[in-house]
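Input: a single structure, listed below in structure tokens.
What follows draws every value from the coordinates through simple rules; no lab data is involved. Just so it is clear, the model here is predicted, and its values are computed rather than measured. Cβ placement follows ideal geometry from the backbone for every residue including glycine, while neighbour counts extend to all protein chains displayed.
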Amino acid sequence: MAFTDLREFVARLEHTGRLHRVSAPVSRDLEITEIVDRVSKSAGRANVALLFEDVEGADMPVLVNAFGAEDRMALALGVERLDELGERVAKLLDARLPGTFTERLRKLGTLIDVARAAPRRVETAPCQEIVETAAPSLAGLPILQCWPGDGGRYITLPGVFTRDPRTGARNVGMYRLQVFDDRTLGMHWQTHKGGAEHQHHATSRMPVSIALGGDPAMIYAASAPLPPGIDEVVFAGWLRGSGVEMVRCKTNDLEVPAQAEIVLEGWVDPAEQRLEGPFGDHTGYYSLARDYPVFHLTALTRRARPIYPTTIVGRPPQEDYWLGKATERIFLPIMRLMLPEIVDVNMPAEGVFHNLVIVSIRKRYPGQARKVMQALWGMGLMMLAKTIVVVSEHVNVHDLSEVAWRATGNIDPRRDLMILEGPMDDLDHAALRHRFGGKLGVDATEKGPLDDVTQAWPDEIRMTDEVRERVTRRWKDYGL
Ligand SMILES: Cc1cc2nc3c(=O)[nH]c(=O)nc-3n(C[C@H](O)[C@H](O)[C@H](O)COP(=O)(O)O)c2cc1C
Ligand SMILES: [Mn+2]
């Protein structure tokens, strides 16, 4: 089921006991962070979405942690388990394969979903109930200072809309924005991202629009690492099962989701840079202040009574872990399409997406674990993965205790580690150079005749089925 907008999602969260309203007055400087950090790191029902209704100096509520647990992330995308999304993608990819007539008919149904995913242009939009073009200002927005060492206030849950200056193809990315003043923001699109690519090809001022809020699938889609040229708005429409309504901006020729809460219209000059940061980042460290492009505001449009959506990043786990988990589940079938030996993938919270990727594979020939690592390092934003650990197909990649056991026991470091160099995330603070550094591949699969072993590989300890069943059957007899 698709949500029309953020408030519908909020209502559903509240209705299902997944949202807590904080009516006590709170400060947008650090206090909200400390509350959210505790809530997002707690387990079970204590981890809820938070709607702060009385934020000092603001006349709109602030929504945080709406996506910060598996069930809320799944709800946002209209499923019960995130794995269902991967299953939908797998079906879509399979639809092109030949089959019997009825099979193909059924597959056609899946394809028609794609046609329904196309965005729909509308002329009037809730996000333009109020239009400020004469003297637009960010001053009315409850933009947070998240951490004590931050260089200022940051918008943290935006969809940044741009078009490729050469082809007109759209990109939407989630890139944080630092407030420089009431009309100027730092545009933190990192080197390898879609917005930076567009800027690279721009020869003059480039229109940029920023949407806050909108239906939750669209918010999520901004964070998804789709291949260049694939439109996040179509992807959001496919996730929702219905095209996203788009409206033309007032002061540039971009379109934004009509159902957004707040829209910032403006431009970026490809020649202009300014020091952005530091910012308490999702690595758990402050990212250093560096030069990034600058966004100039030309209009602020919004609903009459908007909700301001934001997120806190910091030492994991935080809300962004769940946005990433959705991506992991959705992209698994696509990885499998290229690398059919892949069984499962886990990017654990501790690895902050790019620091640790655990992959299980079906191994058939020498060097296959290395081939998988190298292919992943060549696949989209997987290029930024620092450590890739490959385990055998029967290993549960989501059980970090099992992975640590196998990955330390099953390797001879002289044979099974591969160290090479490549592009690194802008945020990697340990790389030898900014954005370039070493990568580690760990082949933690069981070794056998394929792998040049000189001593026989032992069997893993397992009880016989017969005895296991007997003991289960007789468990009460033992008085345990
Ligand atoms: C909460 C959150 C904040 C993010 N902040 C940034 C950021 O400041 N800069 C950046 O380049 N990527 C950031 N990302 C990651 C990008 O959104 C992600 O890489 C996405 O793929 C970008 O879209 P693109 O592939 O179209 O460039 C953030 C992700 C999340 C979930
Ligand atoms: Mn993109």
* To do: Could you work out the relative contact order of the range 227-316, using alpha carbon pairs under 8 angstrom and six or more residues apart, expressed as a whole percent?
  => 25
* Structure fact -> Counting only residues 5 or more apart in sequence or on a different chain, those whose built amide H sits under 5 Å from that of THR311 are THR156, LEU157
* In degrees from 0 to 90, rounded to the nearest 10, what is the angle of the helix 465-474 Cα long axis to the longest principal axis of the chain? -> 80
* To do: Provide the per-residue ³J(HN,Hα) series for the range 71-88, in order, calculated from phi with Karplus coefficients 6.51, -1.76, 1.60 and θ = phi - 60°, each as a whole number of Hz, with x at glycine and proline positions.
  => 5, 6, 5, 5, 4, 4, 9, x, 10, 8, 10, 4, 4, 4, 5, x, 5, 5
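Looking at the range 200-291 from every direction and averaging, what is the projected area of its Cα convex hull in nm²?
Details: hull surface 29.9 nm².
Averaged projected area of the range 200-291's Cα convex hull equals 7.5 nm².
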* Burial ranking of peptide ranges 427-434, 61-68, 452-459 (average Cβ count within 10 Å, highest at the top) -> 61-68, 427-434, 452-459
* Sort all Cα-Cα distances of the range 323-381 into consecutive 10 angstrom bins from zero, then give the percent of pairs in each bin up to the one containing the longest distance. => 21, 59, 19, 1
* Asked: Taking amide H positions as placed 1.01 Å from N in the peptide plane, with prolines and chain starts having none, which residues 5 or more places from ASP150, or on another chain, fall under 5 Å of its amide H?
  -> GLY280
* Structure fact -> Residues meeting the amide H criterion for VAL22 (H placed from the backbone, H to H distance under 5 Å, 5 or more places apart or on another chain) are LEU51, PHE52, GLU53
* Structure fact -> Length gained, HIS15-GLN455, 0.36 nm per residue minus C-alpha separation, equals 152.3 nm
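Per residue of the chain, what 222 nm ellipticity follows from adding -39500 (n - 2.57) for every DSSP H run with n ≥ 4, rounded to the nearest 500?
Numbers: 13 runs with 132 residues, N = 480.
Computed mean residue ellipticity for the chain: -8000 deg cm²/dmol.
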* To do: Starting at the first residue of the range 405-417, write each ³J(HN,Hα) from the Karplus equation 6.51 cos²θ - 1.76 cosθ + 1.60 with θ = phi - 60°, in whole Hz, x for Gly and Pro.
  => 4, 5, 6, 9, x, 8, 10, 9, x, 6, 9, 9, 9
* Give the distance, in whole Å, between the Cα centre of the range 371-422 and the Cα centre of the range 182-249. => 31
* Within the chain, how many Lys pairs sit with Cα atoms under 18 Å apart, leaving out pairs fewer than 8 places apart on the same chain? -> 10
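Taking 0.36 nm per residue of sequence separation and subtracting the Cα-Cα distance, how much length would be gained by fully extending the chain between ARG362 and ALA404, in nm to one decimal? Kindly include the intermediate steps, with their values, before the conclusion.
Details: separation 42, 0.36 × 42 = 15.12 nm, distance 1.92 nm.
Extra length available between ARG362 and ALA404 comes to 13.2 nm.
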* **Contact order relative to length of the chain, as percent, for alpha carbon pairs under 8 angstrom and 6 or more apart** => 15
* Apply the Karplus parameterisation 6.51 cos²θ - 1.76 cosθ + 1.60, with θ equal to phi minus 60°, to every residue of the range 309-317 and state each ³J(HN,Hα) to the nearest whole Hz, in sequence, with x for glycine and proline. => x, 8, 9, 10, 10, x, 4, x, x
